[in-house]
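**Student:** The structure follows.
The values are calculated or read from the model by the stated rules, or taken from the named source; none is laboratory data. Keep in mind that what you see is a predicted model, and the values were worked out from it rather than measured. Every residue, glycine among them, receives a Cβ derived from its backbone with ideal geometry; neighbour counts consider all protein chains shown. SASA here: full protein model, heavy atoms, side chains in, ligands and nucleic acids out. Shrake-Rupley method; radii C 1.70, N 1.55, O 1.52, S 1.80 Å.
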Amino acid sequence: MRIHFKTSYDHDIRLFPDWWSFSVYAALVIVAVILPWVLGDFYLGEVTNVLIWAIAGLGLMLLTGQTGQASLGHAAFLAVGCYSCIILMEHGWPFLLAFPAAGVITGVFGTLFAIPAVRLHGIYLAIATIALSILADDIIVLLAPWTDGVSGKFAPMINIFGLEIERWSTPDRFYWLVLAVTILCTLAYRNLLRAPLGRAFAAVRDSEVSATAMGVHIAFTKAAAFGLSCAITGLAGALMGFYAGAFNNETFSITISINLLMMIVIGGLGAIHGAFFGAIVIAFLPQALSMVTDMIGGGIAIPGLEMGVFGAILILFILFEPMGIYGRWLKIRTWLELFPFARKDMFRRQKSYLKTERLR
C-alpha cells in the first residue's frame, strides 16, 4: 500500500497524488494515442463515441455529482452546442473559433437557465430540466430559418490549418481531435476541483446550510456550476454532431438526458473516473445487446430492450453499489492492498446518515 505523507495544503491538492499515479495516467494517454494503429475503423469509431460520451458525462458530473443538482435536461444543451458550432462554421467561422464559441454560448444559456432554476431543489429541479429537454425539440423546429427544422443539418468538413478531418474519411484524425478535447476537458475539470470554486461546489452538495455558514454564496455557486457544466456539455454536443454527420430536432431527445444521468450513476457519482466507466457502458452495451439478439433471435428486434436493460442495471447499482463501478473498483483495490489484513465488514454500508436541512 502506498502511503501519502501530506505536509502542506498545496501537497493535498496537487494534480497527481504521486509519481506512480502520474505514470499510470501517462501510460493510458500513450495507449490512447496509438490506438488508431491497432484498431480497425469500426472499433476506433466506437472508442471515439466513448470519449464523446465521457466529455458529456464530465459536464453532467460537474453539476450532479460535484454540486448535487439533478438535471434531466442536458440533451437540450448538447443540441445548443451542436447547432451553435455548425451554424457558426456555415457563416465562415473556422473550427478552432466556432468550437470553443459553441461551448461559451452553451455556458451562457445554462447560466441564464440557472438564474430561476437555482431556487428549485431535488425533484422540482429535475422536473424543470425535463421540461427544458422537451421544449428543445419544439424550439429547434420553430427556429427553422437557423436550424433547418425537421430537415436537419449536415456537419461540414473540419479544417485545421489545412488538415481536413472527417469522421468517415479520416477516422484516425477525428479520433485524435476528440482525444485532445477529452484530455483538455479532464484536466480543466480536475484543476477546477482543486480551486476554491470547486471546493464551494462540494460544500453546496454536502450541506447548503454549512456552506452558507462558511461564506459560500449559494445562488452564485449553483449558477456557476450550471454554466461550466453546460459549457463542457456544449463541446460534447458539437462533437456528437460531427460524429453523427447529420442531425435534426429528434437527435437530442430526452432519452439522451436519461442515458447521461444513468451513465454517471453507473460509473460513479462525484468521480472523474465515473464519467469514463459510465461512457464505456453506455457506448458498448447497445452493441453487445445487438450481438446477443442476433445470435439468439436471428436478428429480431425487441422493442424497449435497451432501455429495459439500462433500467435494470441502474436499479441493481442503486441497491447494491451506490458508488458505481468506480466505487467498486476502489473497494477491490483497497482489499488487495490490505490483504491479508482486510476485515470482512470493512465496506459495510452505513445505516444512519447525518441529514441537514437545505435552504429554501
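**Student:** For the range 207-231, what are the residues that are within 21 Å of the chain's Cα centre (by Cα) and open to solvent by 30 Å² or more (accessible area, probe 1.4 Å)?
**Tutor:** Correct list: Leu228 only.
**Student:** If I filter the range 240-251 for residues that are in contact (Cβ under 8 Å) with a residue 60 or more places away in the chain, open to solvent by 10 Å² or more (accessible area, probe 1.4 Å) and either over 30 Å from Arg173 (Cβ atoms) or charged (D, E, K, R) (or both), do I get at least one hit?
**Tutor:** Yes, the range 240-251 has at least one match.
**Student:** Could you list, in sequence order, the residues of the range 18-59 that are in contact (Cβ under 8 Å) with a residue 12 or more places away in the chain and open to solvent by 100 Å² or more (accessible area, probe 1.4 Å)?
**Tutor:** Trp20, Asp41
**Student:** When you scan the range 2-11, do you find a residue that is outside any helix (DSSP H, G or I), modelled with pLDDT under 90 and touching a Phe, Trp or Tyr at 6+ places or on another chain (Cβ under 8 Å), even just one?
**Tutor:** Looking for residues that are outside any helix (DSSP H, G or I), modelled with pLDDT under 90 and touching a Phe, Trp or Tyr at 6+ places or on another chain (Cβ under 8 Å), one finds at least one in the range 2-11, hence yes.
**Student:** Then there's this: What number of residues within the range 257-271 are assigned to a helix (DSSP H, G or I), open to solvent by 20 Å² or more (accessible area, probe 1.4 Å) and farther than 20 Å from Gly237 by Cβ?
**Tutor:** Total meeting the criteria: 1.
**Student:** A further question on this structure: What are the pairs, 6+ residues apart or on separate chains, where a residue within the range 196-215 that is on the phi < 0 side of the Ramachandran plot has its Cβ under 6 Å from a residue that is basic (Lys, Arg) and exposed (fewer than 14 other Cβ atoms within 10 Å of the Cβ)?
**Tutor:** Pairs that qualify, where the first residue is on the phi < 0 side of the Ramachandran plot and the partner is basic (Lys, Arg) and exposed (fewer than 14 other Cβ atoms within 10 Å of the Cβ), are Glu208/Arg358.
**Student:** Can you work out which of the residues in the range 302-347 that are in a loop (DSSP other than H, G, I, E, B), in contact with a helix residue (DSSP H, G or I) (Cβ under 7 Å, 6 or more places away or on another chain) and modelled with pLDDT under 80 is least open to solvent (accessible area, probe 1.4 Å)?
**Tutor:** Across the range 302-347, the extreme among qualifying residues is Ala342.
**Student:** I've got another one for you. Within the range 60-105, track down each residue that is closer than 21 Å to Asn191 by Cβ and assigned to a helix (DSSP H, G or I).
**Tutor:** Hits for the range 60-105 are Leu60, Met61, Leu62, Leu63, Thr64, Gly65, Phe99, Pro100, Gly103, Val104.
**Student:** Could you tell me which of the residues Leu125, Leu63, Leu72 is of a type outside the set (Asp, Glu) and either closer than 24 Å to Asp172 by Cα or modelled with pLDDT of 90 or more (or both)?
**Tutor:** Answer to the selection: Leu63.
**Student:** Tell me, yes or no, whether the range 3-17 has at least one residue that is within 16 Å of Tyr189 (Cβ to Cβ) and either charged (D, E, K, R) or free of Cβ contacts under 8 Å to residues at least 40 places away in the same chain (or both).
**Tutor:** yes
**Student:** Also, I was wondering about something else. What number of residues within the range 92-121 satisfy the criterion of being at pLDDT below 90 and open to solvent by 50 Å² or more (accessible area, probe 1.4 Å)?
**Tutor:** The number of residues fulfilling the criteria is 5.
**Student:** Right, something else. Scan (1) surrounded by 20 or more Cβ atoms within 10 Å (Cβ to Cβ); (2) within 18 Å of the chain's Cα centre (by Cα) for the single condition Val204 breaks and write down its number.
**Tutor:** Among (1) surrounded by 20 or more Cβ atoms within 10 Å (Cβ to Cβ); (2) within 18 Å of the chain's Cα centre (by Cα), the lone unmet condition for Val204 is (2).
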